[in-house]
Amino acid sequence: RRPMGASPVMPITEKDLFAKKYRVPSSRLHCQDYRANGHYFITVCTKGNTPCLGSVECGVVRLSPAGRIVQESLASIPDIFPGVTVCEHIVMPNHFHATISFANPVQTPHGGVSHIINQLKGHCTKQIRSQYLPRFSWHPRFCDHIIRNEISLDIISEYIRNNPVQWDTDEYHI
């Protein structure tokens, strides 16, 4: 059997294994330094797309206490990671979107965007589990998109702002 995401024509090698088990290869662009100056569009979903972060009523997001933790954690990113700005964001019932910007190369132990999102997910998980939902968890991965120009940034920002209005037509709306 091949690891999930492995090419059917590529043989399995030792680097495809972790602790003698299969692992999913990184979805990050290998030639990109995710600590470099620039804008990134991030989407993080709750495990199983469980709508525990709030609800949408008439195109307006009503955050649950868990959703407020995520909202506050997103807002605190610039305080924790100097040089990082959260430009636009929205917390939806089962996911959040954010555009983050690096003004200077970010000094993180591992890899800029991944490190920041993993720290955010860990912090939120601890807070949400201890205060509201003991079984809360995120999808293990997150989606990212490198924003390469202002036009793309504008389109993505508009998408984020309009996300609550489009909720009823969202394929992940539960």
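Here are the numbers:
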quantity: Criterion violated by LEU153 - all others in (1) open to solvent by 90 Å² or more (accessible area, probe 1.4 Å); (2) over 21 Å from VAL70 (Cβ atoms); (3) modelled with pLDDT of 85 or more satisfied; calculated: (1)
quantity: Flag for ASN94 being closer than 30 Å to THR169 by Cβ and either of a type in the set (S, T, N, Q) or modelled with pLDDT under 90 (or both); calculated: yes
quantity: Residue that is farthest from VAL44 (Cα to Cα) [pool: residues in the range 109-164 that are assigned to a loop (DSSP other than H, G, I, E, B) and charged (D, E, K, R)]; calculated: ARG148
quantity: Qualifying positions in the range 62-85 - buried (at least 19 other Cβ atoms within 10 Å of the Cβ) and either aromatic (Phe, Trp, Tyr) or assigned to a strand (DSSP E or B) (or both); calculated: PHE81, VAL84
quantity: Sole residue being open to solvent by 30 Å² or more (accessible area, probe 1.4 Å) and in contact (Cβ under 8 Å) with a residue 24 or more places away in the chain, chosen from HIS97, HIS89; calculated: HIS89
quantity: Close pairs from the range 51-65: first within 16 Å of ARG161 (Cα to Cα), partner of a type in the set (Gly, Ala, Ser) and crowded, with 18+ Cβ neighbours inside 10 Å, Cβ under 6 Å, at least 6 apart; calculated: VAL61/GLY54; ARG62/GLY54; LEU63/GLY54
quantity: Condition met for HIS145 (closer than 30 Å to CYS58 by Cβ, touching a helix residue (DSSP H, G or I) at 6+ places or on another chain (Cβ under 7 Å) and either open to solvent by 10 Å² or more (accessible area, probe 1.4 Å) or without any contact (Cβ under 8 Å) to a residue 24 or more places away in the chain (or both)); calculated: no
quantity: Of the criteria (1) closer than 20 Å to ILE117 by Cα; (2) in contact with a strand residue (DSSP E or B) (Cβ under 7 Å, 6 or more places away or on another chain); (3) modelled with pLDDT of 90 or more, which one ARG62 fails; calculated: (1)
quantity: Residue within the range 161-173 that is open to solvent by 20 Å² or more (accessible area, probe 1.4 Å), touching a Pro at 6+ places or on another chain (Cβ under 9 Å), under 19 Å from VAL61 (Cβ atoms) and modelled with pLDDT under 95 present; calculated: yes
quantity: Condition broken by ARG28, with the remaining ones in (1) in contact with a His (Cβ under 8 Å, 6 or more places away or on another chain); (2) modelled with pLDDT under 90; (3) surrounded by 12 or more Cβ atoms within 10 Å (Cβ to Cβ) satisfied; calculated: (1)
quantity: Of all residues in the range 121-139 being free of Cβ contacts under 8 Å to residues at least 60 places away in the same chain and under 18 Å from the mean Cα position of the chain (by Cα), the one that is most open to solvent (accessible area, probe 1.4 Å); calculated: LYS126
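The values are calculated or read from the model by the stated rules, or taken from the named source; none is laboratory data. Here the structure is a predicted model, which means the values were calculated and not measured. All Cβ positions, even for glycine, are placed from backbone atoms using ideal geometry, and neighbour counts span all protein chains on display. Note: accessible area is taken over every heavy atom of the protein model, side chains too, but ligands, DNA and RNA are not part of it. Shrake-Rupley method; radii C 1.70, N 1.55, O 1.52, S 1.80 Å.
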